[in-house]
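Bear in mind these aren't lab numbers, they're just calculated from the coordinates by the rules spelled out. Quick caveat: nothing in here was measured; it's all calculated off a predicted structure. With ideal geometry, Cβ positions are generated from the backbone for all residues, glycine too; neighbour counts draw on all protein chains shown.
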Amino acid sequence: MKTSPRPELKQPVLTFAARLEAGEREIPLEDLAALFGADEGLRAKVRDRGNIVFRDESFSNDGPDLVIPAGKVELEIPSLLRGEWTGGPGAFHLRFPLEEFTLRACARISILRKCFALRELRATESELTLDFGSDLANRRYTF
């Protein structure tokens, strides 16, 4: 797993965690994009998808399929984004148990296009971990 310092992600992570802890059950999808360090242009592309709806221990977001260029990778958002969540003080955990309902990061490697489906996103007050199920793609960002 590659670990990198990303202090600019601390505030979006803490804000997202605080909103869940406060009982907010609808959070704009663009706020999830902010957790990945998305710039305003990328966030604007997901804005029309509306809110992620959190119910009990599940969450979902419906909208058109999106493929968004983001530097060396393309991010794919399926028409139905769905998973499970838990939260606590200053932390949250999003799980995507079904690959067809998760975010994917795709990169070109020579002439091949390789995609990695996000399995889990774990956030605490000091780090954000993206688990794609592959040491090549997994990332940990520290604040």
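Checking every one of the GluC sites (Glu not before Pro) in the range 8-68 against DSSP loop status and a limit of 14 other Cβ atoms within 10 Å picks out GLU24, GLU57. For ARG119, nonlocal amide neighbours, meaning residues 5 or more places apart or on other chains whose placed amide H falls under 5 Å from its own, are ASP131, PHE132, GLY133. In this Cβ point-charge picture (+1 for Lys and Arg, -1 for Asp and Glu), the chain has a dipole of about 520 debye about its Cα centre. The GNM of the chain, with springs linking C-alpha atoms under 10 angstrom apart, assigns the highest mean-square fluctuation among ARG104, ARG113, ARG19 to ARG113. Evaluating 6.51 cos²θ - 1.76 cosθ + 1.60 at θ = phi - 60° for every residue in the range 125-137, the Karplus couplings come out as 5, 10, 7, 10, 10, 10, 9, 9, x, 8, 4, 5, 9 Hz, glycine and proline recorded as x. Connecting C-alpha atoms closer than 10 Å in a GNM of the chain, tell me which of LEU14, LEU75, LEU112 has the biggest fluctuation. Checking each option, the largest mean-square fluctuation is seen for LEU112.
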